[in-house]
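FYI, it's all coordinate maths here, none of it is from the lab. Remember, it's a predicted structure, so these values are computed and weren't measured experimentally. All Cβ positions, glycine included, derive from the backbone under ideal geometry; neighbour counts span all protein chains shown.
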Amino acid sequence: MNVILIGALLAVFGGAVNGMFALPMKLAKKWSWENVWLPFSALALVIFPYLVAVVGAPQLAAAYGNSEPSSILTGFIMGICAYFGSLLFGISLGLIGNSLAFSLLVGSMSAVGVLGPMLLFHPEKLVTLGGRWIDLGILLMFVALVVCARAGNLMGKAKGVDLPQKRSGSVVLKGMLLAIAGGVLSGFLPMGLSMPWASNIASSAIQFGGAGATTAQFVVLLPVLIGGALPNCLYAAWLLFKNKTWSSYKGTSSYWLIILLMGVMYTGSTVMWGASSSSALLGTLGPSVGWALFICGIVVSSNIGGFATGEWKGAGSRALTWMVAGVFIMVFAATCIGYGNYRLN
């Protein structure tokens, strides 16, 4: 099978898994958001990624020992920025639900994560035939973002939850803004993987850590994910103290299986995207193109999950029509980007 096709399938399937990872939260009905997010963040952003990195590079300490300290620090800082966006997204889930939050998240992070690296590192590719297909795909992603936002407004009106409030504004609007801001910050993740610090760690992982060209990406992602765990864990812990919800953990031992499932799904999706983004699979624009295809899988699966769990019940036919249109536009946009990358390679 063509390696580009393998990379594309990995990215899309990884996105499909990622779009579903938050659904098990609905089963933890006795827990508040922070009860779920703290252990989930520790598991999915620190413990599991470390285990994956060790498997990918058996001599992990040597890989980092021979990397530039500034490269590791840069990855850590990039992770803090990108996963602060994940934190904002996590908050938006409780306000507007899975399907709309994911759609707004991926619409905004695609613009930063796909267009940003091309403009900064490969501007010459924008004027090629393949680059123009990618440009079209990015434009369509902006269109999809607007369409999904319209769907959210209609849903809020139909459910009667977007009535103006004197100080805080509408619940739906707040959730939408958080999801979009989270997407912009999350887009720094693929942009970061296109920078020199990432290639420095990857080269060290291959030369000294025993990693392959694809598995070296797991070594690159580890400091990013650990950095990302910092704001997520701190905020969730603060909420546990503020809201005095530590006691909710008592008598709910079965809920830890939910955390385990969420962690496996999220880490697994990140591993698939990380592998697909390597130049060995998707070429020079691997981080950008892999991100776009990853997004496609997220949009489709998150909306299927949202429909299946009743998030759009009572939203009205107009809201559903706009959301379905947004999904189709996003899928077509990702198809254009994937085809553009194929032409470039």
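Taking region 2-85, which chymotrypsin sites (Phe, Trp or Tyr not before Pro) meet the DSSP loop condition and have no more than 10 other C-beta atoms within 10 Å?
Within region 2-85, no chymotrypsin sites (Phe, Trp or Tyr not before Pro) qualify (loop, at most 10 other Cβ atoms within 10 Å).
Hey, what number do you get for the chain at 222 nm if only DSSP H runs of n ≥ 4 count, each worth -39500 (n - 2.57), divided across all residues, to the nearest 500?
-25000 deg cm²/dmol
Can you tell me which lysines have their Cα less than 24 Å from the Cα of residue 174? Leave out same-chain residues fewer than eight positions away.
Of all the lysines, those that pass the test against residue 174 - Cα under 24 Å, at least 8 places apart if same chain - are 26, 29, 157, 159, 166, 242, 313.
Enumerate the helices in the chain for which the Kyte-Doolittle hydropathy averages -1.0 or more and the C-alpha atoms extend at least 15 Å along the helix's axis, using complete DSSP H runs.
Membrane-span-like by this rule: 3-18, 69-96, 98-110, 129-159, 171-186, 196-208, 216-242, 255-276, 286-308, 317-344.
Suppose a student asked you for the relative contact order of the chain, using Cα pairs under 8 Å spaced at least 6 residues apart; what percent would you report?
The value is 42 percent.
Take the alpha carbon atoms of region 56-99, find their radius of gyration, then divide it by 2.2 N^0.38 Å using N residues; give the quotient.
Output field value: 1.75.
Between 260, 104, 282, which gets the highest mean-square fluctuation from a Gaussian network model of the chain, Cα cutoff 10 Å?
The residue with the greatest mean-square fluctuation here is 260.
So for region 180-227, Kirkwood radius off the Cα pairs, Stokes-Einstein at 4 °C and 1.567 mPa s: how many µm² s⁻¹?
For these conditions, the coefficient is 114 µm²/s.
Could you tell me, in Å, what Rg and Dmax come out for the Cα atoms of region 202-345?
My reading of the Cα-based Rg and Dmax gives 19.8, 58 Å.
Could you tell me what fraction of 2.2 N^0.38 Å the Cα radius of gyration of region 46-159 comes to, as a two-decimal ratio?
For region 46-159, the normalised Cα radius of gyration is 1.43.
What net charge is computed for the residues neighbouring residue 36, neighbours being all others with C-beta under 14 Å from the C-beta of residue 36, Lys and Arg scored +1, Asp and Glu -1?
Taking every Cβ under 14 Å from that of residue 36, the sum is +2.
Between the alpha-carbon centers of region 64-97 and region 224-300, tell me the distance in whole angstrom.
Region 64-97 and region 224-300 have Cα centres separated by 10 Å.
When only C-alpha pairs under 8 Å and at least 6 residues apart count, what is the relative contact order of region 200-345, in percent?
Relative contact order of region 200-345: 20 percent.
Would you compute, for the Cα atoms of the chain, the largest minus smallest coordinate along each principal axis and list the three values in descending order, in whole Å?
57, 50, 37
Kindly provide the Kirkwood hydrodynamic radius of region 1-47 in Å, to one decimal, from all pairs of distinct alpha carbon atoms.
So the Kirkwood estimate lands at 12.8 Å.
Average projected area of the Cα convex hull of region 193-267, in nm²?
With every direction weighted equally, the projected area is 6.9 nm².
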